Every structure is written in C-alpha cells, then in structure tokens.
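Step one of this worksheet: look at the structure below.
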Amino acid sequence: MSLQRKRNATAKNRHGTYTLSKEATSLLADLLVTMSKYEQKIELKRQYLATNENFEPYSAFQRLDRTESGFLSSKSFLNFIRDNGLASNVTEADCYYLVKFFDSDLDGRLHYPDFMQIILPCANSRLRAQATQRPNMMCGRYDYLTLDVEKELAELILMEIKMHRDTEELK
C-alpha cells in the first residue's frame, strides 16, 4: 500500500479517535473474506487428509524431513512440493513465509508440533485425535508416503502458500 493510500485509509474524527475510510473498509473486508474462504477450503482439505487411513502425521513429518534433522525448513517444503510436481511457480520465499507463520519458537524452522498445526484439522477434534492415534509408520530418508497421501499433503501445503500470496496482494 502506498504512503498516500495509507494516509487516506484512516482519519481522526471529532472525538479524537480514528475511523477507516470507505476504501480502507472495503479493502479490509476483501482481505477478511479471502482469508475466510481459504481457511474453509484448507480446513476441509485437512479433514479429508485426516480421514485417510494411510495418513499418519509423524510419517508425513519424516517424509518432509529428508535431512533427518528433526525440523523442517523452507527448503524441506519446496523439495516436497517439487517431488510431487506442483512447484511450477512456488519459490523458496513462499515456503519461508509458510514456515515463519507456523514457527512457534521463532527459530526459523518447524518442529513436529508446528507441522501438526499445518496438517491436522482445527475444527474437528475427533478427526485430529483419530489421525494422531494411528500407529507410527516410519518413513525413511528415501521413502515416500502412499501416492494419495503425497498428493493430498502437497495440495494442502500449496493451498497454504496460495492463501499467503493472495492475502499479501490484498494488503
């Protein structure tokens, strides 16, 4: 947003408080609607993934953690998306913002609990519990998940990246 546009976004009223201009109100509404639509689609994708009997969260984490370091970097996400043929226009910067958003301890990488926030349903605790209570299936450095899980997980990560891009455009 340009400096002039930011200045025009708010105005001090006679009570000394600030109000949003009509333009700023409209932009804010567009941003919130866009975020809401994406969040709904992402939540549905998470729920769909959690119902898949082949999906086990820790093996998904291991699949992305090819360095076996115990954490995921932006490069981990980019490589996973590329492995699944979905990285035509995804950059490492896009993946960096995904990591930054979910990074709870601000160390620039995602640990397993952070990763679970990306992939597990938020609105359905039953499905969340169902997915996390499946027996662990180890996924080695050169192993892959089943094709359906690889595809759904890659699409979920891509949806998160697209949401970030689209909302940044509206800001």
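The values are calculated or read from the model by the stated rules, or taken from the named source; none is laboratory data. For clarity, every value in this text was computed on a predicted model and none was experimentally measured. Cβ placement follows ideal geometry from the backbone for every residue including glycine, while neighbour counts extend to all protein chains displayed. For accessibility, only protein heavy atoms count, side chains too; no ligands or nucleic acids. Shrake-Rupley method; radii C 1.70, N 1.55, O 1.52, S 1.80 Å.
Under the condition of being basic (Lys, Arg) and at pLDDT 95 or above, the residues counted in the range 16-42 number 2. Residue count for the range 79-100 satisfying the condition of being among the polar types (S, T, N, Q) and either open to solvent by 70 Å² or more (accessible area, probe 1.4 Å) or within 18 Å of ARG165 (Cα to Cα) (or both): 3.
Just one of the listed residues (VAL99, VAL90) is farther than 21 Å from GLN47 by Cβ and in contact with a strand residue (DSSP E or B) (Cβ under 9 Å, 6 or more places away or on another chain), and it is VAL99. When each of GLU68, GLU23, GLU39, GLU53 is tested for being over 17 Å from THR146 (Cα atoms), charged (D, E, K, R), open to solvent by 30 Å² or more (accessible area, probe 1.4 Å) and part of a loop (DSSP other than H, G, I, E, B), the lone residue that passes is GLU68. Taking every residue in the range 86-100 that is without any contact (Cβ under 8 Å) to a residue 60 or more places away in the chain and farther than 11 Å from SER73 by Cα and pairing it with any residue that is surrounded by 20 or more Cβ atoms within 10 Å (Cβ to Cβ) and not small (Gly, Ala, Ser), at least 6 positions away or on another chain, the pairs with Cβ-Cβ distances below 7 Å are ALA87/LEU78; ALA87/ILE81. The residue of the range 105-149 that is farthest from LEU86 (Cα to Cα), among those that are of a type in the set (Ser, Thr, Tyr) and exposed (fewer than 12 other Cβ atoms within 10 Å of the Cβ), is SER125.
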